[in-house]
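Structure record follows, encoded as structure tokens.
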Amino acid sequence: MSKDIVIIGNWKMNKTPEEAEAFIGKLNLLYAENKAKILENVKFGIGAPAVDLAPIKKTNEIEGLIIAAQNMHEKESGAFTGELSSKIIKGAGANAVILGHSERRAMFNETSESVAAKARVAIENGLLPIIAFGETLEEYEAKKTKRVVKKMVQESTRGVDLSKVVLAYEPIWAIGTGKTASAKDAQNVCKYVRSITDENVVIQYGGSVKPENIAELMSQPDIDGALVGGASLDATSFIKLLTMNK
Ligand code: 13P
């Protein structure tokens, strides 16, 4: 049997609840029309702003759709104004959560230790953590990718059951820049991540993935999916990611 391919759109800070509903309404139709072109081993979903989770769940007609929040707090409840617990996002409709995205690490002081703590709590509460990591342009140019990635992965998955997570390798220099890591480079890093984690762990690549390059990236033996920003915002483009641009 072929391995699962997990494709997640990360909307980042885009789409109001109304826009999220419109997207999912369109996706329901496009999915029905294109189902025959989507391989059975392709699993997919959307990482949405927290207030969009309930509208997505309500509008969705696609069985098995992954509905991911983009962050959560590791505590179950309490005096953490402005934060959302695993139970709150789950109650709103999430069955997954993106953790440790580079934007959160860079702009909101997210650390690998807190990512691991959040991932453990997410799993306890039945959510699928999608754990992101990746090197900066400076680190890439200094050929420090493997060293940096190793530290991030090991610290971000400490005490975490790797059979219950998705790992997402996102080189920061490839995010939103239109510069995709070559399929060969992405494959090399994902292969390395597999060698330091678990043979069966699901590893996504993210960074300027689009309908035109997804098939080549997904054909690499150690790339098991994609975390997609810009190209996931439009339902037609998102469906093309699922059909591998067919
Ligand atoms: P782009 O696909 O827009 O480069 O974003 C990648 C990303 O950060 C997904 O999490």
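The values are calculated or read from the model by the stated rules, or taken from the named source; none is laboratory data. None of the values given here were measured: they were computed from a predicted structure. Remember, those area values only see protein heavy atoms, side chains included, never the ligands or the DNA or RNA. Shrake-Rupley method; radii C 1.70, N 1.55, O 1.52, S 1.80 Å.
Odds and ends about this structure:
- Within straight-line cross-link reach of Lys57, lysines at Cα separation under 23 Å, skipping those fewer than 8 residues along the same chain: Lys12, Lys15, Lys26, Lys35, Lys43, Lys87, Lys90, Lys118, Lys164, Lys240
- For segment 144-211, radius of gyration divided by Kirkwood radius, i.e. Rg to Rh on alpha-carbons: 0.96
- Kirkwood estimate for segment 86-171, i.e. one over the average of 1/r between Cα atoms, Å: 13.2
- Over segment 171-246, the hull volume per residue, using the convex hull of the C-alpha atoms, is 83 Å³.
- Ligands, DNA and RNA left out, the accessible area of the chain computed with a 1.4 Å probe is 53% carbon and sulfur.
- In whole angstrom, segment 204-246 maps to an equivalent ellipsoid with semi-axes of 16, 11, 7, each derived as √(5λ) from the alpha carbon gyration tensor and ordered largest first.
- Normalised by the number of residues in segment 44-160, the average gap of Cα pairs under 8 Å and 6 or more apart makes the relative contact order 23 percent.
- Looking at the chain, the accessible area is 47 square angstrom per residue; that uses a 1.4 Å probe and ignores ligands, DNA and RNA.
- Most to least accessible of Asp222, Asp234 (protein chains only, probe 1.4 Å): Asp234, Asp222
- For segment 13-119, alpha-carbon Rg relative to the globular expectation (2.2 N^0.38 Å, N residues): 1.17
- Hydrodynamic radius of the chain by the Kirkwood approach over all distinct alpha-carbon pairs: 17.8 Å.
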